[in-house]
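The next block holds one structure in the form of structure tokens; read it before the comments.
The values are calculated or read from the model by the stated rules, or taken from the named source; none is laboratory data. What you see is a predicted model, and the numbers here were worked out from it, not measured in a lab. FYI the Cβ positions are ideal-geometry reconstructions off the backbone, even for glycines, and counts take in every protein chain you see. Just so you know, the surface numbers come from the protein's heavy atoms only, side chains and all, with ligands and any DNA or RNA stripped out. Shrake-Rupley method; radii C 1.70, N 1.55, O 1.52, S 1.80 Å.
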Amino acid sequence: MQIDLIKGHGSGNDFLIIDEIKNDYSFSDDDRSQLARLLCNRNADLGADGILFVMKSDHADGRMRVFNADGSEASMCGNGLRLVARYVCEHQGLNEAVIETMKANLKVSKQIDLFQDVHTYQVEISPVQFELKALPLNLHKPTLFNERITELSEELRFTALAVPNPHLIAIVEANQLQIDLQQQLSEKVNGPNDLFPDGVNVSFVKPLQDGPIYVKTYERGVGFTNACGTAMSASSLVTCLTGLNEFEKTIDVYNNGGRVQCVVHKYEGTYSIDLIGNATYLYQASIVVNLDEESYSLDSKNDFTEQQTYELLQSEAQQVIEKMMKG
């Protein structure tokens with residue numbers, strides 16, 4: 001089977017984009033899961049955090065399904081949605097679109113460049129749920145907001161929410177980012193455990209001066225990534241709820257892959273977040289896949305030149321992060 005794809009990234013969170021509309025592929029869900037495990041392997045020719053399957057939708061401009069590198073399916077991916085937003089908008093000649101995801105139809109739009117010559121898209125992150133059963137998180141309470149989970153840490157306070165991916169968020173100091181605390185508790189809640197039977201994304205959030213934040217995320221099904229779009233959105237919401245930031249104001253969010261912006265909206269007790277950031281293409285490729293033998297070969301590969309300009313944004317962001325780590 002020959003498959004054409006594009007590799008791109010949002011904030012360094014990299015994905016393979018496979019178009020099931022134009023190419024009329026006929027994958028089963030088992031095929032998609034197997035393709036994710038095979039193609040995302042970092043020790044092979046491609047490698048990625050996951051695959052974005054772009055599909056037809058009966059009631060939107062396109063549909064996105066996200067399969068993680070371990071073959072599991074994610075209900076949403078903010079960084080991936082920006083790539084799908086660009087792909088659908090460019091192929092359909094649109095500046096705004098609606099993309100069907102597992103839990104909601106989400107508005108996306110092309111935006112003014114976040115940084116010179118960096119393709120930038122805004123995507124809607126919703127719905128937001130605080131009920132622990134939505135994650136799920138097994139505690140004897142309905143919600144968890146800025147509270148301790150003694151099984152995980154005596155010092156950290158956590159907030160749990162689904163957007164719709166499950167997130168566990170702690171606001172931390174710089175020294176808590178420099179030890180292996182996040183890795184230890186992330187591995188605990190994503191292995192066999194009684195708290196999070198389905199696992200959870202774990203983010204440590206460090207407020208910077210005058211509103212910006214730094215977010216580091218361990219993603220369920222992936223591990224540490226350069227950035228997680230829904231985690232940065234959920235973290236921005238938590239900083240608004242704790243008074244560190246304001247609703248309806250643009251928040252600069254730094255991550256190991258660069259920088260995005262978030263705007264948190266509150267309306268009659270419900271929340272949504274606008275996630276604004278890059279949608280950068282790295283290369284397009286054609287591969288020949290044999291799923292029965294669990295193998296593939298690279299037939300052709302053509303690089304884009306967009307990464308060169310994105311690296312200027314990334315360099316600027318790294319300087320901010322390094323300054324934060326030094327205190």
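Details
- ³J(HN,Hα) computed for each position of segment 38-43 - Karplus, 6.51 cos²θ - 1.76 cosθ + 1.60, integer Hz, glycine/proline x: 6, 7, 7, 4, 5, 8
- Helix-derived mean residue ellipticity, 222 nm - over the chain, DSSP H n ≥ 4, -39500 (n - 2.57), to 500: -6500 deg cm²/dmol
- Under the criterion of Cα pairs below 8 Å and six or more residues apart, the relative contact order for segment 81-196 equals 17 percent.
- Global dimensions of segment 125-169 from alpha-carbon coordinates: Rg and Dmax equal 10.3, 31 Å.
- The Cα atoms of segment 1-71 define a convex hull whose projected area, averaged across directions, is 5.1 nm².
- Loop-located GluC sites (Glu not before Pro) in segment 209-267, at most 14 other Cβ atoms within 10 Å (DSSP): E246, E248
- Straight-line reach from K56: taking Cα to Cα under 20 Å and skipping same-chain neighbours fewer than 8 places apart, the aspartates and glutamates in range are D4, D19, E20, D24, D29, D30, D31, E73, E90, E96, E100, E124.
- Fully extended contour minus Cα-Cα distance, from K56 to Q92, at 0.36 nm per residue: 11.7 nm
- The equivalent ellipsoid that matches the C-alpha gyration tensor of segment 92-184 spans semi-axes of 33, 20, 9 angstrom, in descending order.
- Longest exposed-site-free window of the chain, the sites being trypsin sites (Lys or Arg not before Pro) in a DSSP loop that have at most 12 other C-beta atoms within 10 Å: 57-248
- Each Cα pair under 8 Å and six or more residues apart adds its separation to the average, and for the chain the resulting relative contact order is 19 percent.
- Centroid-to-centroid separation of segment 56-109 and segment 267-327 [C-alpha atoms, Å]: 15 Å
- Estimated inter-spin distance, E173 and L291, nm [label 7 Å along Cα→Cβ]: 5.2 nm
- In degrees, nearest ten, helix 78-92 long axis to first principal axis of the chain (Cα): 40 degrees
- For segment 11-137, the share of accessible area belonging to carbon and sulfur comes to 40 percent (1.4 Å probe, ligands and nucleic acids excluded).
- Volume per residue of the C-alpha convex hull in segment 199-327, rounded to whole Å³: 161 Å³
- Accessible area in square angstrom per residue, segment 100-226, 1.4 angstrom probe: 47 Å²
- Within the accessible area of segment 151-267 (1.4 Å probe), percent carbon and sulfur: 42 percent
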